[in-house]
Amino acid sequence: MKDFQEQNLPKFEKKIASFLGSLEAEKTLKDAMSYSVEIGGKRIRPLMIMAICNFFERPVDDDVLVIAGSLELLHTYSLIHDDLPEMDNDNLRRGKPTNHKVYGQAHAVLAGDGLLTLSFDWITRTNLGDKAKLDLISFLGKAAGPEGMVSGQVADIEGEQKILTLEQLQRVHARKTGALLKYACQAGSILSNVNEREFNLLVSFGSLFGLAFQIYDDILDVVSTTEKMGKKVHKDQSENKNTYPGILGLEGAYKMLDEVIGKARNELIRLDAVDSILGDFLGYFERKGN
């Protein structure tokens, strides 16, 4: 994974920076959009797209970088809006002041709007076939919109006023967090022209990885630090949020995480991909704390 990142992430970062820099847009808007994109992050979603292409021997060319980049633009928009006072009211993201703290609330909203719409625009500028473009736009729209991430965010906000069951919490996070990770697998599959069986296994892996990702994030809010996370921790309990440690206890959450990781690994075994870079993604969930 480290070698794969060193080989592909510099090209990826250059592609995004070049695209944002080329836009004929107001300078403040471009600066605000670039600020949140370029302060970094794990880049898990675009890396997953590239890793699927790598596994199926599809070159990580400009079109792949654009599709991976469009997902990162959309993900970044969601973080900008998520940090706003009306939402999570966070002052820190990836170890830096949040967008609205730097550019003001109105400009942060517009920067998010710009990144969201730009993510779809960028897909249309690739050299992919029309069907691939339409499928990518359709899947991304569903993952990000009212049937996906946006509904998950609404359910998360409304859930703060009540106690959710484990099943209800999983449904919230399948949309809020899991939808874009699932889309990363859909996008990588489309780019790699996989068959139906491979597509279904990859999408299942993406959904399970998304669930594990949220469980792990909830755990880290309990056991990690602001310095390590790059954002404020211990917020979930203070704001009465429904979380996996809150419902299951910390050790119960770790147990569920292990079970979900095991299911995700099984999907990769069925793909003969467990020893590939895709399998290395499961190493992200390092056990911390007690």
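A short reminder: the numbers here are calculations on the coordinates, not readings from a lab. Values in this document were obtained by computation on a predicted structure and should not be read as measured data. Note that each Cβ is placed from the backbone with ideal geometry, even for glycine, and that neighbours are counted across all protein chains shown.
Can you spot the aspartates and glutamates whose alpha carbon is less than 13 Å from LYS133's alpha carbon? Ignore those fewer than 8 places along the same chain.
Cross-link targets: ASP63, ASP121.
For the chain, state what percent of all Cα-Cα pairs lands in each successive 10 Å bin, counting from 0 Å until the bin that includes the largest distance.
Per 10 Å bin, starting at zero, the Cα-Cα P(r) for the chain comes out as 6, 28, 37, 23, 5, 0 percent.
Express the relative contact order of the stretch 2-284 as a whole percentage, based on alpha carbon pairs under 8 Å and six or more residues apart in sequence.
It rounds to 19 percent for the stretch 2-284.
So how far, in whole Å, is the C-alpha centre of the stretch 159-225 from the one of the stretch 14-51?
23
Which of the three applies to the stretch 95-182, rounded, prolate or oblate, going by the alpha-carbon gyration tensor with a ≥ b ≥ c and a/c under 1.5 meaning rounded?
It is oblate, given that a/c is not under 1.5 and a/b is not larger than b/c.
Between exposed GluC sites (Glu not before Pro) in the chain, where DSSP calls loop and at most 15 other Cβ atoms lie within 10 Å, what's the longest gap? Please report the intermediate quantities before stating the final value.
Values: sites that count: GLU24, GLU26, GLU57, GLU86, GLU147, GLU160, GLU239, GLU286.
Of all site-free stretches, the longest is 161-238.
If you put +1 on each Lys and Arg Cβ and -1 on each Asp and Glu Cβ, how big is the dipole of the chain around its Cα centre, in Debye rounded to 20?
On the way: 35 positive and 42 negative charges, 42 e Å.
Charge dipole, the chain, about its Cα centre: 200 debye, nearest 20.
For the chain, what does the helix formula give at 222 nm: sum of -39500 (n - 2.57) over DSSP H segments with n ≥ 4, over the residue count, nearest 500 deg cm²/dmol? It would help to have the intermediate numbers written out before the result.
Details: 16 runs with 209 residues, N = 290.
Theoretical 222 nm ellipticity from helices: -23000 deg cm²/dmol.
Which cross-chain or sequence-distant (5 or more) residues have an amide H under 5 Å from the amide H of LEU92, H modelled 1.01 Å from N in plane?
Residues meeting the criterion, in which the H sits 1.01 Å from N, are THR98, LYS232.
Return the subset of LYS131/LYS263; LYS11/LYS131; LYS42/LYS263; LYS27/LYS131 for which the Cα-Cα distance in this structure is over 29 Å, preserving the input order. Intermediate values should be presented prior to the final figure.
Numbers: LYS131/LYS263 32 Å; LYS11/LYS131 26 Å; LYS42/LYS263 23 Å; LYS27/LYS131 35 Å.
The pairs that break the limit, which is 29 Å between Cα atoms, are LYS131/LYS263; LYS27/LYS131.
List the trypsin sites (Lys or Arg not before Pro) in the stretch 117-159 that DSSP assigns to loop (not H, G, I, E or B) and whose Cβ has at most 13 other Cβ atoms within 10 Å. Which are they?
Answer in residue order: ARG125.
Suppose R0 equals 45 Å. What FRET efficiency, 1/(1 + (r/R0)^6) with r the Cβ-Cβ distance, do LYS255 and ASP121 give to the nearest 0.05?
Working: r = 44 Å, r/R0 = 0.97.
Computed FRET efficiency for LYS255 and ASP121: 0.55.
What does the net charge come to around ALA25 if you take all other residues with beta carbon closer than 14 Å to its beta carbon, with K and R at +1 and D and E at -1? Don't skip to the end; give the middle numbers.
Details: positive: LYS27, LYS30; negative: GLU24, GLU26, ASP31, ASP113, ASP121.
Summing Lys/Arg as +1 and Asp/Glu as -1 gives -3.
Of the residues SER192, SER224, SER70, which exhibits the maximal mean-square fluctuation in a Gaussian network model of the chain defined by a 10 Å Cα contact cut-off?
Most flexible of the set in this elastic network: SER224.
How much FRET efficiency would the formula 1/(1 + (r/R0)^6) give for VAL274 and ASN193, where r is the Cβ-Cβ distance and R0 is 22 Å, rounded to 0.05? The partial results should precede the final answer.
Working: r = 22 Å, r/R0 = 1.00.
Efficiency for this residue pair is about 0.50.
Can you list the residues, at least 5 places off or on another chain, whose amide H is less than 5 Å from the amide H of GLY41, using H built in the peptide plane?
HN-HN under 5 Å from GLY41: empty list.
Name the most mobile residue of ALA25, ALA273, ALA108, meaning the one with the largest mean-square fluctuation, in a Gaussian network model of the chain with Cα contacts below 10 Å.
Maximum among the listed residues: ALA25.
Give, in nm to one decimal, the length gained when the segment between GLU158 and TYR284 is fully stretched (0.36 nm per residue of separation minus the Cα-Cα distance). Don't jump to the answer; show the numbers that get you there.
Numbers: separation 126, 0.36 × 126 = 45.36 nm, distance 2.99 nm.
Extra length available between GLU158 and TYR284 comes to 42.4 nm.
Please identify, among MET48, MET256, MET87, the residue showing maximal mean-square fluctuation in a Gaussian network model of the chain using a 10 angstrom Cα cutoff.
Greatest mean-square fluctuation among the candidates belongs to MET87.
For SER224 and THR28, calculate 0.36 nm times their separation in residues minus their Cα-Cα distance, and state this gained length in nm to one decimal. List each step's numbers first, then the result.
On the way: separation 196, 0.36 × 196 = 70.56 nm, distance 3.46 nm.
Answer, rounded to one decimal: 67.1 nm.
Residue farthest toward the positive end of the dipole of the stretch 2-284, with Cβ of Lys/Arg at +1 and Asp/Glu at -1: which of ILE52, GLY159, PHE205?
ILE52
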